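Novice: Before I ask anything, let me first share the structure, which is written out below as structure tokens.
Nothing in this text is a laboratory measurement; each read-out follows from the coordinates by a stated rule. Just so we're clear, the structure is a prediction, and the values are computed from it rather than from any experiment. Ideal geometry is used to build each Cβ from the backbone, glycine not excepted, and the neighbour counts take in all protein chains shown.
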Amino acid sequence: MSVEVGQATWESGQAEWEPAERPVMPMDPLMVMPLPRWKRAFDISGAGLGLLVFSPLMLAAAVLIKLTSKGPVIFKQQRAGLGGRPFTFLKFRSMVADAEGQKTELVWFNEQTGPIFKMRKDPRVTMVGRLLRKLSIDELPQLWNVLQGDMSLVGPRPPTLDEVPYYSEWQRRRLEMTPGLTCLWQISGRSHIGFNEWVRMDIRYTTECSFLTDLKILLMTVPAVLSCKGAH
């Protein structure tokens, strides 16, 4: 099955696509949405509390990663933030150290539509990493990204820089808002949702963003994470 998006054609399970003819570059400042003051205050207080509450869990995760596989505890990657501006994205390493180098060999097994790579039984994921991913513990270091202002507690998930060139114009609208730790996609099935619907959810959030909406999404994230639905 193929899905045409902008100038790209995605073949399910196949690595046959061509990026749109545009570089990865920040959007016009007039097209982005700066964080409202209430949202930034909510992010600082929430991320600070989260780091305090989850510090024992994060320490345990770091020890397990270090004891069971070679490589750094924290995985750092350049992601596209507000308006496409690159920033250093943090998460606990859940894969083998050379996972990025092995990605080209596995692209044929992609189970997600669009430029996103998702694979249920990804051989690069370590035994400990699989547990961390199931419970989203690997995402906890992003609370530091939130404190730094590169991310928000709630917002579209930040894409990797190699994904953005494949976006059509309407899909680039997900870059108009500061990326988040959780979002509508996160509480609605995650990897079970196709890329186009994922982007539509992100755009919908940008039009409905409010304190009550953010609070609702955060509260719904807890049972979504514990259910492990779509987490891989």
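Novice: Order of 146-156, 202-212 by packing, highest average Cβ count within 10 Å first? Walk me through the intermediate numbers first.
Specialist: Working: 146-156: 22.5, 202-212: 13.9.
Averaged packing, sorted descending, gives the order 146-156, 202-212.
Novice: Scan around Phe75 for amide H atoms under 5 Å from its own, H built in the peptide plane at 1.01 Å from N, and keep only partners 5 or more places away or cross-chain.
Specialist: Placed amide hydrogens put Lys91, Phe92, Arg93 under 5 Å from Phe75.
Novice: Taking Cα atoms of the stretch 42-172, Rg/Rh with Kirkwood Rh, to two decimals? Could you put the intermediate results ahead of the total?
Specialist: Values: Rg = 15.4 Å, Rh = 16.0 Å.
With Rg and the Kirkwood Rh in hand, the quotient comes to 0.97.
Novice: Tally Lys/Arg at +1 and Asp/Glu at -1 over every other residue whose Cβ is under 14 Å from the Cβ of Thr206; what's the total? List each step's numbers first, then the result.
Specialist: On the way: positive: Lys39, Arg157, Arg172, Arg173, Arg174, Arg200, Arg204; negative: Glu176, Asp202, Glu208, Asp214.
Charge balance in the 14 Å sphere: +3.
Novice: For the stretch 34-227, what is the charge dipole size about the Cα centre, in debye to the nearest 20, if Lys and Arg each add +1 at the Cβ and Asp and Glu each add -1 at the Cβ?
Specialist: Values: 26 positive and 17 negative charges, 57 e Å.
For the stretch 34-227, the charge dipole is close to 280 debye.
Novice: What does the charge dipole of the stretch 29-137 about its Cα centre add up to, to the nearest 20 debye, if the Cβ of each Lys and Arg holds +1 and the Cβ of each Asp and Glu holds -1?
Specialist: Dipole about the Cα centre, nearest 20: 160 debye.
Novice: Quick check on my link table: of Lys118/Lys216; Lys103/Lys134; Lys66/Lys134; Lys70/Lys91, which ones sit more than 22 Å apart, alpha carbon to alpha carbon?
Specialist: Beyond 22 Å between Cα atoms: Lys118/Lys216.
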